[in-house]
Amino acid sequence: PCNSVTDSKVITVDPAVVVNAGLDQQICLIPNATVSLTGTITGGANTGTWSSSGDGTFSNSGSLTTVYTPGSQDITNLSVTLTLTSIDPVGPCNAVNDALTVTFFVNPVVNAGNDTTICAGTTIPISGTISGGASTGTWTVSPSNGGTFGNANNLQTTFTPSIPSGSLWLYLTSID
């Protein structure tokens with residue numbers, strides 16, 4: 001009768017693509033704020049492209065290391081999602097993506113008020129404003145032994161100098 005016959009089949013396993021867009025970021029919205037991106041793609045691909053859920057622009061969307069400049073929609077929404085997607089995976093492997101979220105914070109605006117001249121020993125009202133990304137603040141004086149505040153944590157308070165003459169600097173610094 002007949003002899004047994006064997007046939008073989010080769011199965012090639014291509015490496016899976018691994019994409020890492022990086023960690024979520026928090027950026028203060030100062031003029032000309034940008035987001036630095038450094039993504040990685042390993043395994044069965046090594047190139048990729050960046051995309052945005054918003055309306056900003058990339059300095060080079062085809063580079064793993066690039067800079068994103070937020071657009072007006074991103075700033076209005078105070079966040080944007082940036083996605084890195086692999087290109088041309090080997091063999092039957094599919095493209096893979098990973099995303100990060102950038103949260104924008106509004107830069108605080110602080111105003112300690114106008115300069116003034118007073119007589120020694122006089123207690124004066126002082127009033128500062130804080131807007132933008134903060135609403136509270138604290139007062140300090142330089143030199144540090146130059147006087148006392150009614151309440152250094154209140155934007156509207158009083159100040160009494162402790163020097164007989166000279167100049168003092170009152171600083172209002174935003175908190176939160």
query: Going by the conditions given, is residue 27 under 13 Å from the mean Cα position of the chain (by Cα) and either surrounded by fewer than 18 Cβ atoms within 10 Å (Cβ to Cβ) or part of a strand (DSSP E or B) (or both)?
result: yes
- prompt: Considering 105, 159, which residue is in a strand (DSSP E or B), of a type outside the set (A, V, I, L, M) and open to solvent by 50 Å² or more (accessible area, probe 1.4 Å)?
  reply: 105
- request: Residue by residue through the range 123-152, note down the ones that are within 16 Å of residue 167 (Cα to Cα) and small (Gly, Ala, Ser).
  value: 142, 144, 146, 147
- prompt: Are there any pairs with C-beta distances below 7 angstrom linking a residue in the range 61-72 that is surrounded by 13 or more Cβ atoms within 10 Å (Cβ to Cβ) to a residue that is assigned to a loop (DSSP other than H, G, I, E, B) and at pLDDT below 95, with the two at least 6 apart or on different chains, and if so which?
  reply: 70/33
Test: residue in the range 84-95 that is polar (S, T, N, Q), part of a strand (DSSP E or B), surrounded by 15 or more Cβ atoms within 10 Å (Cβ to Cβ) and at pLDDT 95 or above: yes
task: Would you mind finding the one in 120, 112 that is surrounded by 18 or more Cβ atoms within 10 Å (Cβ to Cβ), closer than 30 Å to residue 166 by Cβ and more than 14 Å from the chain's Cα centre (by Cα)?
output: 112
message: Any residue at all in the range 36-56 that's free of Cβ contacts under 8 Å to residues at least 12 places away in the same chain, farther than 27 Å from residue 108 by Cβ and touching a Leu at 6+ places or on another chain (Cβ under 9 Å)?
response: yes
Evaluation of residue 130 against (1) surrounded by 12 or more Cβ atoms within 10 Å (Cβ to Cβ); (2) within 37 Å of the chain's Cα centre (by Cα); (3) over 25 Å from residue 176 (Cα atoms) (one fails), failing number: (3)
task: Go through (1) of a type in the set (D, E, K, R); (2) over 24 Å from residue 92 (Cβ atoms); (3) modelled with pLDDT under 95 one by one and return the number of the condition residue 55 breaks.
output: (3)
- prompt: In the range 2-35, which residue that is in contact (Cβ under 8 Å) with a residue 12 or more places away in the chain and among the β-branched types (Val, Ile, Thr) is nearest to residue 109 (Cα to Cα)?
  reply: 30
Unmet requirement for residue 78, which otherwise passes all of (1) in contact (Cβ under 8 Å) with a residue 60 or more places away in the chain; (2) open to solvent by 30 Å² or more (accessible area, probe 1.4 Å); (3) among the hydrophobic types (A, V, I, L, M, F, W, C): (1)
query: Here are some residues: 90, 106, 35. Which one is over 17 Å from the mean Cα position of the chain (by Cα) and not polar (S, T, N, Q)?
result: 90
task: Search the range 30-57 for residues being part of a loop (DSSP other than H, G, I, E, B) and open to solvent by less than 30 Å² (accessible area, probe 1.4 Å), and hand back the single one that is farthest from residue 100 (Cα to Cα).
output: 44
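The values are calculated or read from the model by the stated rules, or taken from the named source; none is laboratory data. This structure is a prediction, so every number in the text was calculated from the model and none was measured. Here the Cβ is made from the backbone with ideal geometry for all residues, glycine too, and neighbour counts use every protein chain on show. These area figures cover heavy atoms from the full protein model, side chains too; ligands, DNA and RNA do not enter into them. Shrake-Rupley method; radii C 1.70, N 1.55, O 1.52, S 1.80 Å.
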